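Reviewing the structure listed below.
Please treat every number below as a calculation from the coordinates, not as lab data. Computed from a prediction, not measured in an experiment: that's the story for all the values here. As a convention, Cβ positions derive from the backbone with ideal geometry for all residues, glycine included, and neighbour counts pool all protein chains shown.
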Amino acid sequence: MKKILITIVLAGLFVSPALGQNPPLDKNWQIVFMDTFNTLNTNRWWVRNHFDDYGGGFPVYLNQNVYIVNNQRLVLEAKKEAYCCPLQNINEWHCKIQWLTGKCYQYTSGCIYSQNPYKYGYFEIYAKLPGSNGYYPTFWLHNAGVDIENNNCWYNEIDIFEINDCVEKPLSMDPIWDFTCPNPTNKNGDRTYLAFNYADGYHWYGLEWDRDKITWYIDRKAVKQRVNDQGGIGIQNAMYIIIALSLHAPGTECPITSSSIFPDYMYIEQANVWRLKYDCNTVVTEILNYDNPQAPNYYNYAVKKLISLSGVSSLTSGQNVSLRATDYIELKNGFEVPLGAEFYVDINPCDNAARVKKQN
């Protein structure tokens, strides 16, 4: 059988997105939570109620537009209906804000927001998006904060996807950031449009984010990657997960029109958050077995300090192996990857803030 011989040192490797591995296929990752939406977990998610993206949004998000059907999917429903935020001070901070008290809308919809922020990881949903013009479904990470004493402030946002145009136009993926103090006010963006028929059924939409790089995925295949160096700092603060079904307001490029369909829906069947496992003080020199935990020298998948392999550690046909290290990965003379095997290597930082306990 023909084999591929690798004799180079992969130090500081920056892997092409086309070769990117993803958590369901990579044993270095562990699941933090997997929500299949057989019920709406209120310990994990907030449902936005009487909220319109801080006064500039369109439409208003309501509790009743977010629900579970058939014990298997979350529904965000957009309706064409008149709704006015109550005049009295109800027990919701959103309606206590001046611009929302008594404000009236012509459309309602749904949005959920994670109760916990997450720093680094792989974030994905399996979702079906509406196909009618004027809709603006989004899946994104967001947080902002100010520490005036240390002259440290941030506006962090990574759009895993936004539908910014008509249905026949592409979706967009971009990081948005600002580090001006005392208040972030001048947001910067790096938008990429992707021609993709998002309305033809369910698809996986994902994002891998760490200290050094950000990678976007569709159907668990990498479609975009960029260095995490925004503003010379990068997006490094923990962020919340937001899933929303909004609408394009009148006057935008693709607004709601008389041909837009109401009601329409965004369906989410699964939402996952993954974290890398870490073993960052360990040096690996030889691996006799990648697959059998009971075998001698079984490889304990996690991010290592460094990995240096010779022919003793060569793969066999049919194996799917991912190796990650903080310093370097060295493949010495004699290390072989046969045809029929898959081999992925990457350099990843170790960050104590990224190590979290699994959640329910």
Query - log10 of Debye I(q)/I(0), alpha-carbon scatterers only, for segment 236-360 at 0.13 Å⁻¹ - result: -0.71
Report summary line: Asn300 neighbourhood, Cβ < 15 Å, K/R = +1, D/E = -1, net charge +1
Report task. Give the Rg/Rh ratio for segment 170-318, taking Rg as the radius of gyration of the Cα atoms and Rh as the Kirkwood radius, to two decimals. Result -> 1.08
**Report entry** Kirkwood estimate for segment 31-276, i.e. one over the average of 1/r between Cα atoms, Å
**Finding:** 18.7
Requested in this report: Name all residues of segment 172-195 having a backbone nitrogen under 12 Å from the label point set 7 Å from the Cα of Lys224 along its Cα→Cβ direction, giving them as ranges.
Outcome: 172-176, 189-195
Requested in this report: Write out the trypsin sites (Lys or Arg not before Pro) in segment 259-360 meeting two conditions: DSSP loop, and at most 11 other Cβ atoms within 10 Å of their Cβ.
Outcome: Lys357, Lys358
